[in-house]
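Below is one structure, written out as structure tokens, with a few remarks after it.
The values are calculated or read from the model by the stated rules, or taken from the named source; none is laboratory data. The shown structure was predicted, so the numbers you read here are calculated from the model rather than taken from an experiment. Please note: Cβ atoms are built from the backbone with ideal geometry, for glycine as well, and neighbour counts cover all protein chains shown.
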Amino acid sequence: MSTKEKRAVILAALSGCMWASVGLFVHKLGAYGVGSVPMTVARYLIAVVLVGSFLGIGKRELLKIRPRDILWFCVTGILCLLFFNICYGITIEKSSMPVAAVLLYTSPAIVTIASAFIFKERITFRKVAAVLMAVTGCAFVSGIMGGSLAYPPQAYLWGMAAAVGYAFYSIVAGILLKRYHAVTVLFYSFLTAVLAGLTLIDPGELTTIIRANPSAGMWLVAASFVCNICPYLCYNLALEDMEASRVSVISSIEPAIASLLGVVVMKEQMDVFGVIGVGIIFAAIVVLNRRVSCAGPLYEKTE
């Protein structure tokens, strides 16, 4: 494995680890009365201000984009990031956090299939095995393997919609990263997400909460750094040096880390299924990044 690939593996894993902390911020900000959608939009808004200030002061050249690419940034920001977050929240409301997590992390399979056609990435036995292991591990970690669940069909549809939005961020961002710096893609994706997201919330209500509880504002800033700026930057940088399908599988470490954080920080219980799931997810990452000479392609797009 080359140095670039090793760096990409670390960055993809870091992005998943940081996204795993979202639940902690949701729990904390929920106590202040901040809902999931306002929190999501506020995180993006803060990120736009901070990243935009950084670019405006020291890296103005990274703000330059071609007008014809604005549509692509609208896709990454609105149809991918904002859409996926809203669908994910609705899935949780209509089912449960475990079910939402499992549905969301079917995305590596979507990315793998789409990347074969769009980026002409090879689908190997090793890659298929890693994807199946990652999805299975997420199912174990979520807890749904321990019993039967029955929710309305809409819950599963919203969950799959979230997975599609999440998956296609990897695809579309991968295209944009061939033309722009990772920070540029980050900034304009967040900007379009904010512009659309502000139409869905009442900014005055959020401002009132922050004025009454200044610490809520500090938690939002922290959430923006930990759950938006840093992980998406790591994810974008990983996409520059590694196939989108591999990055997607590696970042699926998120539910495993989220479960561990729940045990350590929130004092939640982890059953045997959760332990098995964490092991399967880590094993999937090892399988995906281990060089095996006999791992031939199942499918390879030709010219």
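Flag set for Ser107, criterion: surrounded by 22 or more Cβ atoms within 10 Å (Cβ to Cβ), at pLDDT below 85 and among the polar types (S, T, N, Q). It is to be established whether one or more residues within the stretch 123-142 are farther than 23 Å from Tyr88 by Cβ, modelled with pLDDT under 85, among the small types (Gly, Ala, Ser) and out of contact with any Gly (no Cβ under 7 Å at 6 or more places or on another chain). So far as the stretch 123-142 goes, no, none of its residues is farther than 23 Å from Tyr88 by Cβ, modelled with pLDDT under 85, among the small types (Gly, Ala, Ser) and out of contact with any Gly (no Cβ under 7 Å at 6 or more places or on another chain). Residue selection: Ala100 satisfies the criterion of being surrounded by 20 or more Cβ atoms within 10 Å (Cβ to Cβ) and either touching a Cys at 6+ places or on another chain (Cβ under 6 Å) or part of a helix (DSSP H, G or I) (or both). Restricting Leu79, Leu62, Leu29 to residues that are closer than 30 Å to Leu288 by Cβ and touching a residue at least 12 places away in the same chain (Cβ under 8 Å) narrows the list to Leu79.
For Tyr180, the stated conditions hold: it is surrounded by 21 or more Cβ atoms within 10 Å (Cβ to Cβ) and either part of a loop (DSSP other than H, G, I, E, B) or in contact with a strand residue (DSSP E or B) (Cβ under 7 Å, 6 or more places away or on another chain) (or both). The residues in the stretch 23-70 that are of a type in the set (Val, Ile, Thr), in a helix (DSSP H, G or I) and crowded, with 16+ Cβ neighbours inside 10 Å can be counted, and the count is 7.
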